[in-house]
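Engineer: Have a look at the structure that comes next, please.
The values are calculated or read from the model by the stated rules, or taken from the named source; none is laboratory data. Model, not experiment: these values are computed from the prediction. Neighbour counts are summed over all protein chains in view; Cβ atoms, including those assigned to glycine, are modelled from backbone coordinates with ideal geometry.
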Amino acid sequence: MKEQLIEDIKTTLSKTKVDLLAQIAAKQANAVKDIIDLTFHPEEKIAFRAAWILENVYINNPKEFVADVDYFLARFSSQNNLSARRHFGKILALLSKKNAPQEIKKILQEYSTEELVETTFAWLIDENVPVAIKSHCLNILANFSVKHPWIKEELLQTMDYLVDKESIAFFAKVKQVRKQLKRK
């Protein structure tokens, strides 16, 4: 599976092809783990494309992702490819949403999420991390503030610090996250 997928993603992908590869992967045993592994490929474009496929596996087939959630969570903090991080961040933001599938909520409730939270805060304050990743970080941290109440105050302070340093898009996301935190 892995070798074939590498061949499939060596060239530029269209959204249609990503969806097709995600559908195929969702139906094959160990495919999600293989894709997660490929997101760490030394060739950055292969890693990015694998992460894009991985995101679509989750979006299109969340129940197929359940068996590999622990593996994804274990690998999350070691993702150093900024293009892949964008997809990892989006996946974790979706996994930690209050409307995530019940099986995933249960896994996250029992999972030791401290390292995920530390990594997410580190990505959020890193000047070299693009705003799209930071946007997902805000969602992740707001979502985890239910499990870790201390995050709320830390996140509010961090947003206050970053709001003048980042773009207008970041400012808009901060407003949205502040509203979310007020409801908790």
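Engineer: Quick one: LYS98 ticks every box in (1) under 14 Å from the mean Cα position of the chain (by Cα); (2) not in a helix (DSSP H, G or I) except a single one, so which number is it?
Structural biologist: The number of the failed condition is (1).
Engineer: While we're here: Here is a check on your reading of the model: is ASP19 charged (D, E, K, R), modelled with pLDDT of 95 or more and either over 26 Å from SER112 (Cα atoms) or touching a helix residue (DSSP H, G or I) at 6+ places or on another chain (Cβ under 8 Å) (or both)?
Structural biologist: no
Engineer: On the given criteria, is GLN79 at negative phi, loosely packed, with under 14 Cβ neighbours inside 10 Å and among the polar types (S, T, N, Q)?
Structural biologist: No.
Engineer: Out of PHE88, PHE40, I need the residue that is in a helix (DSSP H, G or I), in contact (Cβ under 8 Å) with a residue 40 or more places away in the chain and either hydroxyl-bearing (Ser, Thr, Tyr) or under 22 Å from PHE121 (Cα atoms) (or both). Which one?
Structural biologist: The match here is PHE88.
Engineer: Quick test for you: out of ALA29, ALA50, ALA67, pick the one residue that is under 17 Å from the mean Cα position of the chain (by Cα) and either buried (at least 21 other Cβ atoms within 10 Å of the Cβ) or free of Cβ contacts under 8 Å to residues at least 12 places away in the same chain (or both).
Structural biologist: ALA50
Engineer: Here's something else I'd like to know. Checking SER167 against (1) modelled with pLDDT under 95; (2) closer than 26 Å to TYR58 by Cα; (3) small (Gly, Ala, Ser), only one condition comes out false. Which one?
Structural biologist: (2)
Engineer: Would you pick out the residues in the range 3-18 that are of a type outside the set (Val, Ile, Thr), in a helix (DSSP H, G or I) and surrounded by 15 or more Cβ atoms within 10 Å (Cβ to Cβ)?
Structural biologist: Listed by number, the residues that qualify are LEU5, ASP8, LYS17.
Engineer: Is there a residue being surrounded by fewer than 20 Cβ atoms within 10 Å (Cβ to Cβ) and either over 15 Å from the mean Cα position of the chain (by Cα) or not β-branched (Val, Ile, Thr) (or both) anywhere in the range 134-145?
Structural biologist: Checked against the condition, which is being surrounded by fewer than 20 Cβ atoms within 10 Å (Cβ to Cβ) and either over 15 Å from the mean Cα position of the chain (by Cα) or not β-branched (Val, Ile, Thr) (or both), the range 134-145 yields no hits at all.
Engineer: Looking at (1) within 27 Å of ASP126 (Cβ to Cβ); (2) part of a loop (DSSP other than H, G, I, E, B), which is the only condition ARG49 fails?
Structural biologist: Tallying (1) within 27 Å of ASP126 (Cβ to Cβ); (2) part of a loop (DSSP other than H, G, I, E, B), ARG49 fails exactly one: (2).
Engineer: Please enumerate the residues belonging to the range 110-134 that are among the small types (Gly, Ala, Ser) and free of Cβ contacts under 8 Å to residues at least 40 places away in the same chain.
Structural biologist: Those that are among the small types (Gly, Ala, Ser) and free of Cβ contacts under 8 Å to residues at least 40 places away in the same chain: SER112, ALA122.
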